[in-house]
1. Please list, by residue number, everything in region A:1-29 whose backbone N is under 20 Å from a paramagnetic label point 7 Å out along Cα→Cβ of A:ARG57.
2. Anything in chain B that counts as a DSSP H helix reaching 30 Å or more along its axis (C-alpha) with Kyte-Doolittle mean of at least 0.0? List them, would you?
3. Explain nothing, just the number: dipole magnitude of region B:144-218 about its Cα centre with +1 on each Lys and Arg Cβ and -1 on each Asp and Glu Cβ, in debye rounded to the nearest 20.
4. In region B:40-78, which trypsin sites (Lys or Arg not before Pro) are in a loop and have at most 14 other Cβ atoms within 10 Å, using DSSP for the loop call?
5. Given label points at 7 Å from Cα along Cα→Cβ, what nm distances, shortest first, separate A:ARG57 from the same residue in every other copy?
6. Restricting things to Cα coordinates, could you compute the convex hull volume per residue of region A:5-63 in Å³?
7. Filter the chymotrypsin sites (Phe, Trp or Tyr not before Pro) in region A:53-93 to those in DSSP coil with at most 11 other Cβ atoms within 10 Å of their Cβ, and list the result.
8. Take the Cα radius of gyration of region B:73-139 and divide it by 2.2 N^0.38 Å, with N its residue count; two decimals is plenty.
There are 2 protein chains.
Amino acid sequence: MSFTESEENYIKSIYHLQQQGEVVSTNDLASELQTKPASVTDMLKKLKAKKLLNYERYKGFSLSDEGTRVALGIVRKHRLWEYFLVHELEFGWDEVHEIAEELEHISSPQLVEKLDNYLSHPKFDPHGDPIPDINGRMELRKQVNLIDLQLNCEAEVSAVGSQSTELLELLKHKNIGIGTVLAVLKKFTFDNSLEIKVRDFPPFSISQQLAQTLFLKPLYGATTVGSISK
Amino acid sequence: MSFTESEENYIKSIYHLQQQGEVVSTNDLASELQTKPASVTDMLKKLKAKKLLNYERYKGFSLSDEGTRVALGIVRKHRLWEYFLVHELEFGWDEVHEIAEELEHISSPQLVEKLDNYLSHPKFDPHGDPIPDINGRMELRKQVNLIDLQLNCEAEVSAVGSQSTELLELLKHKNIGIGTVLAVLKKFTFDNSLEIKVRDFPPFSISQQLAQTLFLKPLYGATTVGSISK
DNA sequence: ATTAATCTTTAGATTTGTCTAAATTTTATT
DNA sequence: AATAAAATTTAGACAAATCTAAAGATTAAT
């Protein structure tokens, strides 16, 4: 079975929102896709009819197994093309997302496999996201300690190393929590403090002790700190 | 200005039909695009409104300079991708057309230039068709004797060197005629015979004497091609 | 537990590209 | 030149994907 570009975009967005943890809502999906909730509802019905989605009106929705399989196929194509654009064509890693959004809809399965082979089966794309194999399997993204995070690489806080009230108080004061997206701008060797930038806030600095408690994972579609997309 | 995939397909088809010499008609275009004449008329009006086409109802049409420029851009992308698919991804030259039909609609101009650079500015695609440069200029294609045809380069029989019944009998037996598309798979130096492959038939071999009577031109836009700059 | 606020869906319209069937224009034939 | 044939265009309809506006369902708040 084949799908329209629009259907594929919905499937991919649902997949990504599901990965981010929360239950996906019609409104979430509408804003992710830059469209209106009414349009989303229409498409949900189509995807349900094609058995890609578990959906009941007013009750929410999630990808079916088949929908997930399709989503992983699109993600595979997107990330392989990003890898090609950066490592072969010498694009910057911040320039390739939009182009890959087009390339991911090219349908030939043979093309994907030949490309994968040509690139020697890369496991991660230029943003650090894992590339699913032909069966949809991919390596888990490992959490990285903030201390070890690459400069200017956006990542999302996924765990904290302690639950102490003192730590939580400090995190709250600095507007950092699970899901916060940030990047390291500078590392100071004098005291191992870091200058970081949290989305929608001006840069500020944090201590080595604090940094050590924060674990992060790279973001899908991460960009330079200057131009926050997604 | 940008164009829909459908608009681009119309522009490209008009370009190709114009290259084949005759004046292009609504019916020709409809059958080329596997659609109906009424649909063609609708699109012609759209393309005229976008100044890509000189068109007056019932009087015929032709690409404007701007339309030609756009067509050459699409042809450039198509042929560069075909080159990539065959020479980098190791597709057979007979497998790449449909895939390139999709890839030619990817919009990024930067991608085209990086790809061209990556491939070291090839002048001809795997079928022997010339690849327009960024200004729409490309090398003229001349008729080539079958003896001189490059290996694995598809070409269309455009002339035979004799009208003898003996020759025509042989050509008929081998299913070769004007317009036949074939490629040379192998050349044998022992007797200068050639192993060739005619579309839709298994490969077979022909003698030096026969090969010498056959003149071919690479597929698609036949003879002329100027440059439309600016 | 009502009411208010929010979220989701329906109803009906719009745009793009297509179609069929009928009308119009051009061209070819007698 | 008149008429038949062919090519082209118009008129009206449809499917896909979207929109706005309004109605329906759920959730939150008093």
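What follows draws every value from the coordinates through simple rules; no lab data is involved. Values in this document were obtained by computation on a predicted structure and should not be read as measured data. All Cβ positions, even for glycine, are placed from backbone atoms using ideal geometry, and neighbour counts span all protein chains on display.
1. Taking a point 7 Å out along Cα→Cβ of A:ARG57, the residues of region A:1-29 whose backbone N falls under 20 Å are A:25-29.
2. Values: long enough: B:65-87 (32 Å, -0.21).
Helices meeting the criterion: none.
3. Numbers: 7 positive and 8 negative charges, 24 e Å.
That gives a dipole near 120 debye.
4. On the way: sites: B:LYS45, B:LYS46, B:LYS48, B:LYS50, B:LYS51, B:ARG57, B:LYS59, B:ARG69, B:ARG76, B:LYS77; in loops: B:LYS50, B:LYS51, B:ARG57, B:LYS59.
Listed in order of number, the matching sites are B:LYS51, B:ARG57, B:LYS59.
5. For A:ARG57, the other copies' label points sit at 4.4 nm, shortest first.
6. Details: hull volume 4.2 nm³, N = 59.
Cα convex hull per residue, to the nearest whole number: 71 Å³.
7. Details: sites: A:TYR55, A:TYR58, A:PHE61, A:TRP81, A:TYR83, A:PHE84, A:PHE91, A:TRP93; in loops: A:TYR58, A:PHE91, A:TRP93.
The qualifying sites are A:TYR58.
8. Values: Rg = 10.6 Å, N = 67, 2.2 N^0.38 = 10.9 Å.
Taking the Cα Rg and dividing by 2.2 N^0.38 Å, one obtains 0.97.
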